[in-house]
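One structure below.
The values are calculated or read from the model by the stated rules, or taken from the named source; none is laboratory data. Just so we're clear, the structure is a prediction, and the values are computed from it rather than from any experiment. Cβ sites come from the backbone with ideal geometry, for glycine too, and all protein chains shown count toward neighbours. What goes into the accessible areas is simple: the full protein's heavy atoms, side chains included, and nothing from ligands, DNA or RNA. Shrake-Rupley method; radii C 1.70, N 1.55, O 1.52, S 1.80 Å.
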Amino acid sequence: MQAAHLEAAAAAGFTHFDTAPLYGFGGAERVLGAAFSNTPGITITTKVGLYPPGGGCEGHTSMLVRKVGGKLWPPLSRAVADLTVDRARRSLEDSLRRLRRDCVDILLLHEPAPGLLATDEWQRWRDTEGDRIRHIGVAGSADMVAPFLETGMPLAQVIQVRDGLDTHEGDIVTCAGRPLQLTYGYFSSDKKGRCGAEILSGALARNDTGAILVYTRSRARLAEFVAAAAQTPQC
């Protein structure tokens, strides 16, 4: 994805962009940095916990080798899970450099296993990063975020959860007495052959308090998303 495509999305009315060191092996953050380093009104989520095998600091050629070679030998491109604070600290610094920002709006733990998380150590780190992290939370499927909701961990200020028009995984958040915040997965989970506008309208109706994450490489699809959003009644 090129910076021009992201700029077109912003011009169409999109204001929040979701990324991670894993996406494009650091390349997605670099493109977002090129597009929005000094753009007011744009918020960005990035993540820690899952990392590209090369750490996100490899050159473009090395990244391509891993992507292509990973199709033949999966370990070459397989994500590396690391829930240590030291790794998260280094990742945040790398992400801010790639994003060309002094702080990130939302930092999410990327598909964390709560049993492997040193919660107190993470909270102490969060308390020292108030100038570089505005909000912190967790991202993943319903089963992954459920323990954070059940225990009320302070690390879960923000919940990003997979949801679907038929599967309703996001109900785990509302059943815990919290509004939906960031949801995704509506297009990939659709099994009824709905058109894009129908899917997005349904997603916005389900999550009318937060933000829907969508992905497209098509400029025409951007216009379709905007039109669907404009036609959906908002609370």
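Can you give the accessible area per residue of the chain, in Å², using a 1.4 Å probe?
Values: 11430 Å² over 235 residues.
Ligands and nucleic acids excluded, the result is 49 Å² per residue.
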Considering all projection directions equally, how large on average is the shadow of the alpha-carbon convex hull of the chain, in square nanometres?
13.3 nm²
Where the only charges are on Cβ atoms (+1 Lys, Arg; -1 Asp, Glu), what is the dipole of the chain about its Cα centre, to the nearest 20 debye?
780 debye
Helix-derived [θ] at 222 nm for the chain: sum -39500 (n - 2.57) over DSSP H runs of at least 4, divide by residue count, nearest 500?
-12000 deg cm²/dmol
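By how many nm would the segment from ASP143 to VAL85 grow when fully extended, if each residue of separation counts as 0.36 nm and the alpha-carbon distance is taken off? Don't skip to the answer; put the middle values down first.
On the way: separation 58, 0.36 × 58 = 20.88 nm, distance 2.29 nm.
Residue separation times 0.36 nm, minus the Cα-Cα distance, leaves 18.6 nm.
I need the calculated FRET efficiency for the pair ALA3 and TYR215, taking r as the beta carbon distance and R₀ as 25 Å, to the nearest 0.05. All intermediate terms of the calculation are to be shown ahead of the outcome.
Values: r = 16 Å, r/R0 = 0.64.
It comes out at approximately 0.95.
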Accessible-area composition of the chain, carbon plus sulfur, in percent [1.4 Å probe]:
55 percent
Scan around GLY164 for amide H atoms under 5 Å from its own, H built in the peptide plane at 1.01 Å from N, and keep only partners 5 or more places away or cross-chain.
GLU169, GLY170
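Need the full-extension length gain, GLN157 to ARG124, defined as separation in residues times 0.36 nm minus the C-alpha distance. One decimal, nm. Present the calculation step by step, with values, prior to reporting the outcome.
Working: separation 33, 0.36 × 33 = 11.88 nm, distance 1.49 nm.
The span from GLN157 to ARG124 would gain 10.4 nm if fully extended.
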Anyone know which of ALA176, ALA113, ALA28 comes out most mobile in the 10 Å Cα GNM of the chain?
ALA176
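Are there chymotrypsin sites (Phe, Trp or Tyr not before Pro) in region 128-235 that DSSP marks as loop and that have at most 13 other Cβ atoms within 10 Å, and which are they? Working shown, then result.
Working: sites: PHE148, TYR184, TYR186, PHE187, TYR215, PHE225; in loops: TYR186, PHE187, TYR215.
For chymotrypsin sites (Phe, Trp or Tyr not before Pro) across region 128-235 that sit outside H, G, I, E and B with at most 13 neighbouring Cβ atoms in 10 Å, the list reads TYR215.
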Picking from VAL85, VAL48, VAL161, which is most flexible by a Gaussian network model of the chain using Cα springs under 10 Å?
VAL85
Can you tell me which of PRO52, PRO21, PRO114 moves the most in a GNM of the chain? Springs connect C-alpha atoms under 10 Å apart.
PRO114
Just from the alpha-carbon atoms, what are the Rg and Dmax of region 136-196 in angstroms?
12.0, 39
